[in-house]
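I have placed the structure first, in the form of structure tokens, so that the comments after it can refer back to it.
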Amino acid sequence: MEILPVYQFLVISGSCCNPALGKMDQTLEKSLEETISKLGLSAEIKKISLTSVLHHQAELTWKQQSLILNLFNKYGTKFTPALMVNDEIMFAGKTPSTEELSKIIAEKLKK
């Protein structure tokens, strides 16, 4: 029996700072769930708020924390929603379509 890797998908939400971003978060989460199902991936999806990152309350690796803080320091909440896959930012500041997300994730996970 083949053991499939479990990928970690981290959705970074800025709706705690700007409630108008909530709809974008929901769209990203829906697209991500559809993409994971379509690609047949074994995945863990975790959503964190920007506030929890800024106050060091999110359970993140040092690398994840550093990447998010660097984006925040450069762009403020404009980089959210963002999607991190296995410690790499895949999208930031926009909500990709399911097709776009599927293509990028499939290419990334082939490496």
> Helix 22-39: angle to the longest alpha-carbon principal axis of the chain, degrees 0 to 90, nearest 10?
Replying inline: 20 degrees
> By a straight-distance test (C-alpha under 22 Å), which lysines pair with LYS23 as possible cross-link partners, with residues fewer than eight away in the same chain excluded?
Replying inline: LYS46, LYS47, LYS78, LYS94
> With all pairs of different alpha carbon atoms counted, what Kirkwood hydrodynamic radius in Å does the range 1-63 show?
Replying inline: 13.1 Å
> Once both labels are modelled 7 Å past Cα along the beta-carbon direction, what's the LEU109-LYS78 spacing in nm?
Replying inline: 3.2 nm
>> On the principal axes of its Cα set, how long, how wide and how thick is the chain? Give whole Å, largest value first.
In response: 43, 28, 19
> For the chain, what is the charge dipole size about the Cα centre, in debye to the nearest 20, if Lys and Arg each add +1 at the Cβ and Asp and Glu each add -1 at the Cβ?
Replying inline: 320 debye
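Every read-out reported here was derived from the displayed coordinates using simple, explicitly stated rules and does not represent laboratory data. The shown structure was predicted, so the numbers you read here are calculated from the model rather than taken from an experiment. Note that each Cβ is placed from the backbone with ideal geometry, even for glycine, and that neighbours are counted across all protein chains shown.
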